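Visitor: Handing you a structure now.
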Amino acid sequence: MSLTEAERRKRRTERRRAEARRWGLLTLAAVVVFGLGVALGQALHDNPRPGGTTTLERTLSIPAGPPGSTATP
């Protein structure tokens, strides 16, 4: 028993749709994985390393001299 032209066309169309759907899902999955990789890379890059150098900045104030002194701070 052979298929009619209409049945062959219908099966061909269904196969194309299934293949297009599969490629669409694979592309979407690849984009999501890429986005997660970029996000993870940014998160690792932005966090400081434990035990790294810490800089502390202070303002040094010089006390005024004794009364009658000519030195100015």
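Visitor: Here is a check on your reading of the model: is Glu57 acidic (Asp, Glu) and part of a loop (DSSP other than H, G, I, E, B)?
Guide: Details: acidic (Asp, Glu): yes; part of a loop (DSSP other than H, G, I, E, B): yes.
When the stated conditions are applied, Glu57 passes them.
Visitor: Show the residue pairs that are 6+ apart or on different chains and have beta-carbon atoms under 7 Å apart, the first residue being within segment 1-20 and free of Cβ contacts under 8 Å to residues at least 12 places away in the same chain, the second being surrounded by 10 or more Cβ atoms within 10 Å (Cβ to Cβ) and in a loop (DSSP other than H, G, I, E, B).
Guide: none
We did not get these values from a lab; they are worked out from the coordinates using the rules stated. Since we're looking at a predicted model, the values are computed, not measured. Neighbour counts are summed over all protein chains in view; Cβ atoms, including those assigned to glycine, are modelled from backbone coordinates with ideal geometry.
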